[in-house]
Every structure is written in structure tokens, then in C-alpha cells.
Amino acid sequence: MKRLVSALTSLGAVAALAASATVSAADDGTLATVKDRGQLICGVNSGLPGFSATDADGNWQGLDVDFCRAVAAAIFDDPEKVRFIPLTAKERFTALQSGEIDVLSRNTTWTLTRDSSLGVNFAGTTYYDGQGFLINKALGVDSATQLSGATVCVLAGTTTELNLADYFRNNDMEYNPLVLENSDQTISAFNAGRCDVLTSDQSQLNALRIKLPDPSAAKVLPEVISKEPLGPAVRQGDDQWYDVIKWTLFTLINAEELGVNSDNVADMQDADNPTIQRMLGSSGDMGEKLGLPADFGTRIIEHMGNYGEIYRRNVGADSPLGLERGMNALWTDGGLMYAPPIR
């Protein structure tokens, strides 16, 4: 019996030391670094309308950009305390792994290989997408199954390359890949007639199509050949920071589901709903659990709105893209957007 007590005491001591080490690591982790710096550093696409691109005045805009601003709002109560680093597809993971950026929010697909072997963790999905094909209508093609022998523009260092090869092989078709470094190069090559087809995520194809001199001359084919859950990623090994990024996203989604938005968030502080109270920090200790202020949820929604507001202004009805919600609708509306409870 004494040996058992002694063993349990030793195990308890080891557990206590491990817990202490975890707390210490969190204290010295990314959140502390960001707070000390006074600024979040976010890796984004170098120019993808609707997701991350600069306007005529050089201001960053887009769904991925707004997600980073939501993180800054949660930490600093100021969505402008973000520095955006434009990255190509080939640069993005190295920039995250090396610590050049704190979070990657760059239309990046969550896959097993990336999740397990690149030293990164995906914090959820901000946009459910799928790969498709953009063609010039003059090509006279109505289906991707008619593309055998086509020259296809594709981005280097992406899952798009792999999906493209799989699709043509599975359908016993030949193709000539024209591999390019960034999305501007792909749409320029497509516009110049260097390729018959441009392949990418469907959201990106719609964003690139509006860059053409005559967008109406091109169309996206109906086939969707892959699953592309796009979302933010962080380095592995910092659970506190991982939680901050995850719960920023989950707060945006939960806020829309609960009917809390940028217009009514102040009034909702006095709501009777206990879930809303926990989300906005008027009760409970949700912020403390994350190392954030109690009102981090209020800060996010007040400055950036809920997920639906961010979607609508960047890629939805109030944007040039005008994309339907589809899979990106809330689960209560038949979509896939679903967040764990704030409890």
C-alpha cells in the first residue's frame, strides 16, 4: 500500500511538473510574443480578390484578411494591429515554420500530409471549396471530360497540381501542364492564350475571372473534382495559440448562429441567453481560459462582425464575386459551417 501511495505521489509530481512546463511554455509562446510586439503578423495571398488583395489605396481586404483582423481585435481591441505578409504558395509553409509569420491565413487546403508532416496545425475551415476549371467560352467545351489534350495553367506547390494529375489519369486523358508561381501569372497566361484551361479552387477561379478584360468571355465548368477545406494554420507545439486562433473562428460562426452581429452586439450584452453571455464575456471566464480579455468575443464582433457579415462583404452578395453561401452556410441553413459550443 505504501509503495502504491509512493508511486502515485511520484506520478502526481511528474504530472505537476509537466503541467507547470506547459503553462510556462504557453506564457512564453506566440500569444505572449504577439502581445509584446504589439502586432499580429499574418501571411496572406499576394493578390486574390475576395480573400486577400490590396485596394487602390494599398489597404488589405478579403475574407482571409478579415480573419486576421478578428484575431487582432480579440487580442488588442484593434483590428488594425496586423502586418500582412504576401506569400506565394511555395513560400507559405516555410514562412510559418520559420516564425516569419504568426498565422497563415491564405486560402490553404487542410490535408493529412500538411497536418502531419509540415509541423503545422489547421485551426478549422473558413471556406469550403472544391477544385474546378476555367475556360474561354470560345473553346466550345461544356464539361471537363472534354479537355483531353488541353494545356492547363496550374499553380506550383499546391494540392491543385496533384488533383489535376489524378483527375486526368482517372479519366484516361492527356494534358500539358503550364506550372506558374502565382495566381497573377496564371490568369495572365490564360488571358494571353498560353493555356486552354486554368484550374484552381472554384472561389479562386471566380476571383481571377473578374480580372480578365472581358469576364463574360470565360466560364467555370460544372465539375468539382476535389474537396478543398480552406482555413488558417499555425505552428505545432503551441496549444494556447492554436486555441486562440480556433476560438476566434468559432466565435465568428457561433455569433452568426446566435444572431449576434456588429449592429446589435452592444445590446446583446444584456441578453438572457447564457451562451451569448459567455461568448460576449458578460458571464463566465471563457477569455481567461484562452489568455485573452473576458470580452474578446465582443471585441471580435464589434470590429469585424460575425462570419456571415465577413462572408457577405468579401465574397458574397455585397462583393463583386457575389458567391452564394452554398456549403459555407450555417449548418442550420443546410451548410457545413458548425462551431463547437462556447461552454
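The values are calculated or read from the model by the stated rules, or taken from the named source; none is laboratory data. Everything numeric in this text was worked out from a predicted model, so none of it was measured. Note: ideal-geometry Cβ built from the backbone for every residue, glycine included; neighbour counts use all protein chains shown. Heads up: the accessible areas ignore ligands, DNA and RNA and are worked out on the full protein's heavy atoms, side chains in. Shrake-Rupley method; radii C 1.70, N 1.55, O 1.52, S 1.80 Å.
So here's what we get for this one:
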| quantity | calculated |
| --- | --- |
| Filter pass, Q146 being under 20 Å from the mean Cα position of the chain (by Cα) and of a type outside the set (A, V, I, L, M, F, W, C) | no |
| Which listed residue, of L87, L96, L63, L112, is within 17 Å of the chain's Cα centre (by Cα) and closer than 20 Å to T251 by Cα | L63 |
| In the range 104-117, the residues that are in contact (Cβ under 8 Å) with a residue 12 or more places away in the chain, out of contact with any Leu (no Cβ under 8 Å at 6 or more places or on another chain) and within 20 Å of V244 (Cβ to Cβ) | S105 |
| Every pair of residues 6+ apart whose Cβ atoms lie under 7 Å, when the first sits in the range 77-99 and is part of a strand (DSSP E or B) while the second is surrounded by fewer than 17 Cβ atoms within 10 Å (Cβ to Cβ) | I85/E100 |
| Number of the condition not met by Q277 [criteria: (1) touching a helix residue (DSSP H, G or I) at 6+ places or on another chain (Cβ under 7 Å); (2) surrounded by 16 or more Cβ atoms within 10 Å (Cβ to Cβ); (3) among the polar types (S, T, N, Q)] | (1) |
| Residues (charged (D, E, K, R) and closer than 20 Å to S46 by Cβ) located in the range 195-209 | D201, R209 |
| Residue under evaluation S148, criteria (1) in a loop (DSSP other than H, G, I, E, B); (2) out of contact with any Asp or Glu (no Cβ under 8 Å at 6 or more places or on another chain), criterion not met | (2) |
| In the range 313-343, the residues that are within 17 Å of L258 (Cβ to Cβ) and at pLDDT 95 or above | A329, L330, W331, T332, D333, G335, M337, Y338, A339, P340, P341, I342 |
| Pick from the range 85-123, criterion surrounded by 20 or more Cβ atoms within 10 Å (Cβ to Cβ) and not hydrophobic (A, V, I, L, M, F, W, C), ranking: farthest from S226 (Cα to Cα) | D102 |
| Single residue of N182, N206 found to be open to solvent by less than 70 Å² (accessible area, probe 1.4 Å), more than 14 Å from G132 (Cβ to Cβ) and within 25 Å of the chain's Cα centre (by Cα) | N182 |
| Selection within the range 244-257 - more than 19 Å from G335 (Cβ to Cβ) and either at pLDDT below 95 or open to solvent by 50 Å² or more (accessible area, probe 1.4 Å) (or both) | W247 |
| Unique residue being touching a Ser or Thr at 6+ places or on another chain (Cβ under 6 Å) and of a type outside the set (A, V, I, L, M) when the list is G231, G287, G237, G291 | G231 |
| Helices (runs of 4 or more DSSP H) contained in the range 248-343 and holding at least 3 residues out of contact with any Leu (no Cβ under 8 Å at 6 or more places or on another chain) | 274-280, 286-290, 296-304, 307-314 |
| Odd one out for W60 among (1) under 27 Å from G119 (Cα atoms); (2) modelled with pLDDT of 95 or more | (1) |
| Selection status of D238, over 24 Å from G322 (Cα atoms) and either crowded, with 17+ Cβ neighbours inside 10 Å or at pLDDT below 95 (or both) | yes |
| Index of the failed condition, P222 passing every other in (1) within 27 Å of G119 (Cβ to Cβ); (2) open to solvent by 30 Å² or more (accessible area, probe 1.4 Å); (3) not in a helix (DSSP H, G or I) | (1) |
| Residue that is surrounded by the fewest Cβ atoms within 10 Å (Cβ to Cβ) [pool: residues in the range 319-329 that are of a type outside the set (S, T, N, Q) and more than 16 Å from the chain's Cα centre (by Cα)] | E324 |
| Candidate set: the range 124-140, residues that are open to solvent by 20 Å² or more (accessible area, probe 1.4 Å) and in contact (Cβ under 8 Å) with a residue 60 or more places away in the chain; chosen: the one farthest from V234 (Cα to Cα) | A138 |
| Any chance A233 is in contact with a strand residue (DSSP E or B) (Cβ under 9 Å, 6 or more places away or on another chain), of a type in the set (A, V, I, L, M), open to solvent by less than 50 Å² (accessible area, probe 1.4 Å) and modelled with pLDDT under 95 | no |
